[in-house]
Structures are given as C-alpha cells and as structure tokens.
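Below is one structure; the comments refer to it alone.
Derivation of every value follows stated rules applied to the coordinates shown; laboratory data play no part. For clarity, every value in this text was computed on a predicted model and none was experimentally measured. Cβ sites come from the backbone with ideal geometry, for glycine too, and all protein chains shown count toward neighbours.
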Amino acid sequence: MKIRYIGIDCYGNTHPIKKFPRKELMEQLGASSAQKIYRDTAKGTQHVGYIISGIWIEVYEVHEWKV
C-alpha cells in the first residue's frame, strides 16, 4: 500500500510530498515549471523525477513496512 512520496535532490536534501509530487515540489521551491527526468532501464524508459529551478529531484514512493 502506497503511503506517500518523498523527493531526494541532487544535494541529498529530502522533500516530503503528500499526494501530488510535481505540484508540491514546485510550491516548495517557488517555481512555475518543471522538466521530467527519465532513466533507461532493462524494461525501457522510466520517469523518475523532475528538474525544478535547476535542482535535480528524484521522486520515490514510500510504502508501509511490515515485518
């Protein structure tokens, strides 16, 4: 079950995100636009984050951990 998202930028800073990654990151950084970041994988190209105000931010889903 997906709980929320977290963004980790190129400097190692974390950006908590509740529901809408692109919108919330742009609000946090005071930006009006964002470029998508893609990564080539064995399964093809995958969207992994955004470049906002010159900062490279990868977005990860945070899931509940059960032991």
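What you get for the range 2-63, charging only the Cβ of Lys and Arg (+1) and of Asp and Glu (-1), is a dipole of about 260 debye around the Cα centre. Under 17 Å of direct C-alpha separation, and excluding same-chain neighbours fewer than eight residues apart, LYS18 reaches these aspartates and glutamates: ASP9, GLU27, GLU58, GLU61, GLU64. For the listed peptides 20-27, 32-39, a ranking on the average number of other beta carbons within 10 Å per residue, highest first, reads 20-27, 32-39.
Can you classify the chain as rounded, prolate or oblate using the Cα gyration tensor, where a ≥ b ≥ c are the square roots of its eigenvalues, rounded means a/c under 1.5, and otherwise it's prolate if a/b beats b/c and oblate if not? Oblate shape, in that a/c is at least 1.5 and b/c is the bigger or equal ratio. Using a simple spin-label model with pseudo-atoms 7 Å out from Cα toward Cβ, TYR38 and ILE55 lie 2.5 nm apart.
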